[in-house]
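The values are calculated or read from the model by the stated rules, or taken from the named source; none is laboratory data. Treat the numbers as computed from the prediction; the structure is a model and nothing was measured. Methodologically, a virtual Cβ is constructed for each residue, glycine included, from the backbone with ideal geometry; neighbour enumeration extends over all protein chains shown.
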Amino acid sequence: MEASNETAITTFNPQGDKPFYCSVKANTQEEKIKLFNALENADLRLNDCVGQEIAIKDVYVERYVKQENDEEKVKFRTILFGEDGKTYVTAAYGIYNAVSKIFRTFGTPDTWTESLKVKVAKRDIGNGKQVLNLVLISE
């Protein structure tokens, strides 16, 4: 992808030297404190919001490594900032994947002219398992 057409996918390189992406612009001390507190204590777990609609205003994604069965696994923590002022957190790969596709399709939140409305859903993936995902809603 060309540098002039850079999106969060190229800005946030999960395998490289940029292990997080944040679209929230925090310039003042008060804004930085508010952002920090949102990242440390999100209002809601996205898994508890299945069936609900959210108007996404901003997004934060961070890569982290978790030890599972004597193996290191790369995981992604995603926080959606709602237009309603609430924050929604998840480590579900399905949400990271959906946000990545949203960024490829619509650009990063700093380029949006309005919030994107989504519905939180679960999709069956077989063997009795489900994955958390987002469905875009048109008005």
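Phe103 meets the conditions (1) modelled with pLDDT under 95; (2) surrounded by 11 or more Cβ atoms within 10 Å (Cβ to Cβ); (3) outside any helix (DSSP H, G or I); (4) of a type in the set (A, V, I, L, M, F, W, C) in every case but one. The failed one is (3). Those strands (runs of 3 or more DSSP E) of the range 15-88 in which at least 3 residues are more than 24 Å from Phe106 (Cα to Cα) and modelled with pLDDT under 95, considering only elements entirely within it, cover 53-68, 71-82. Within the range 107-123, if we keep just the residues that are more than 16 Å from Gly82 (Cβ to Cβ) and among the polar types (S, T, N, Q), the residue that is farthest from the chain's Cα centre (by Cα) turns out to be Thr113.
Matching residues to (1) free of Cβ contacts under 8 Å to residues at least 40 places away in the same chain; (2) under 19 Å from Arg123 (Cα atoms); (3) aromatic (Phe, Trp, Tyr):
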site: Lys34; (1), (2), (3): yes, no, no
site: Gln52; (1), (2), (3): no, yes, no
site: Val65; (1), (2), (3): yes, no, no
site: Ile79; (1), (2), (3): no, no, no
site: Glu83; (1), (2), (3): yes, no, no
site: Tyr93; (1), (2), (3): yes, yes, yes
